[in-house]
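The values are calculated or read from the model by the stated rules, or taken from the named source; none is laboratory data. In this text the structure is predicted, and so the values were computed from the model without any measurement. Please note: Cβ atoms are built from the backbone with ideal geometry, for glycine as well, and neighbour counts cover all protein chains shown.
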Amino acid sequence: MSLVLALHTLAAVIWVGGMTFAYCFLRPAAGATLDGPQRQSLWQAVFGRFFPAVWLLIAILLASGYYMLFGLYGGFAGAGVHIHIMHGLGLLMMLLFAHIFFAPWRRFRQALDNGDTATAAAKLEQIRLFVAINLGLGLIVVAVASGGRLVG
C-alpha cells in the first residue's frame, strides 16, 4: 500500500507542479520575451509533451486512488470527508482537463495548422483560464489530502 500511496502522491505532484510551473513561471516569461507566433509555437511544444503525460497521470491517480479507497477504507462509506473532497475535486479536475484537451487544445492546434494565429491566440487564452482553474482546484486537493485527516 505504501508503493500505491507513493505513486498516487507523485502523480498528483507532477500534474499540479507542472501546472504551477507553466502558469506561474513559463507563461509570464514567454509573454515578456516572445511575440505571438513564437509564444504559440512554444505552447504547442509544451502542451504537446505535457498533455499526454497528464493522461498517464490521471490513469495512475484513478487506479491508485480507487485501490486505496477500497483496500484501506472498504469503499466510500469507510472513507473520511477529506477523501470524498479529494475524490470529487480530482474528478472535476479530470473532467476539466478532458475539456481542455478535446476542445480548446484541439482547436488551438487546428488554428496553428491553418495559419490562423488570431484563433490560436483566443484558444490559448481559453486554455490559460482553464489551467488556472485546474491549478486552483489542484492546490485545494493537495491541501485537503495533506491535512484533511487532521481536521476531521
Exercise for the section: Consider Ala79 carefully, then state whether it is at pLDDT 95 or above and on the phi < 0 side of the Ramachandran plot. Expected result: no
Exercise for the section: With respect to Phe50, determine if the residue is surrounded by 15 or more Cβ atoms within 10 Å (Cβ to Cβ) and assigned to a helix (DSSP H, G or I). Expected result: yes
Exercise for the section: Please state which one of Ala45, Ala59, Ala30 is in a helix (DSSP H, G or I), surrounded by 13 or more Cβ atoms within 10 Å (Cβ to Cβ) and either of a type in the set (Lys, Arg) or under 24 Å from the mean Cα position of the chain (by Cα) (or both). Expected result: Ala30
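Residues are listed down the side, and each one gets a yes or a no for (1) assigned to a helix (DSSP H, G or I); (2) closer than 16 Å to Val16 by Cα:
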{"position": "Met68", "(1), (2)": "yes, no"}
{"position": "Met86", "(1), (2)": "yes, yes"}
{"position": "Leu91", "(1), (2)": "yes, yes"}
{"position": "Ala103", "(1), (2)": "yes, no"}
{"position": "Leu112", "(1), (2)": "yes, no"}
{"position": "Gly115", "(1), (2)": "no, no"}
{"position": "Glu125", "(1), (2)": "yes, no"}
{"position": "Arg128", "(1), (2)": "yes, yes"}
{"position": "Leu137", "(1), (2)": "yes, yes"}
Exercise for the section: Find the residue count for the stretch 70-84, including only residues that are part of a helix (DSSP H, G or I) and among the small types (Gly, Ala, Ser). Expected result: 3
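Filter the stretch 1-40 for residues that are polar (S, T, N, Q) and either farther than 17 Å from Ala120 by Cβ or without any contact (Cβ under 8 Å) to a residue 24 or more places away in the chain (or both) and give the result. Lay out the reasoning, then the answer.
The initial filter retains those residues of the stretch 1-40 that are polar (S, T, N, Q), namely 2, 9, 20, 33, 38, 40.
Once the filter is applied, which keeps residues that are polar (S, T, N, Q) and either farther than 17 Å from Ala120 by Cβ or without any contact (Cβ under 8 Å) to a residue 24 or more places away in the chain (or both), the stretch 1-40 yields Ser2, Thr9, Thr20, Thr33, Gln38.
Condition check ((1) of a type outside the set (Lys, Arg); (2) surrounded by 14 or more Cβ atoms within 10 Å (Cβ to Cβ); (3) closer than 27 Å to Leu5 by Cβ) across all residues:
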residue: Met93; (1), (2), (3): yes, yes, yes
residue: Phe102; (1), (2), (3): yes, no, no
residue: Arg107; (1), (2), (3): no, yes, no
residue: Ala111; (1), (2), (3): yes, yes, no
residue: Gln126; (1), (2), (3): yes, yes, no
residue: Leu129; (1), (2), (3): yes, no, no
residue: Asn134; (1), (2), (3): yes, yes, yes
residue: Val141; (1), (2), (3): yes, yes, yes
residue: Val144; (1), (2), (3): yes, yes, yes
Practice task
May I ask you to say which residue of Arg49, Arg149 is modelled with pLDDT of 95 or more and out of contact with any Leu (no Cβ under 7 Å at 6 or more places or on another chain)?
Solution key: Arg49
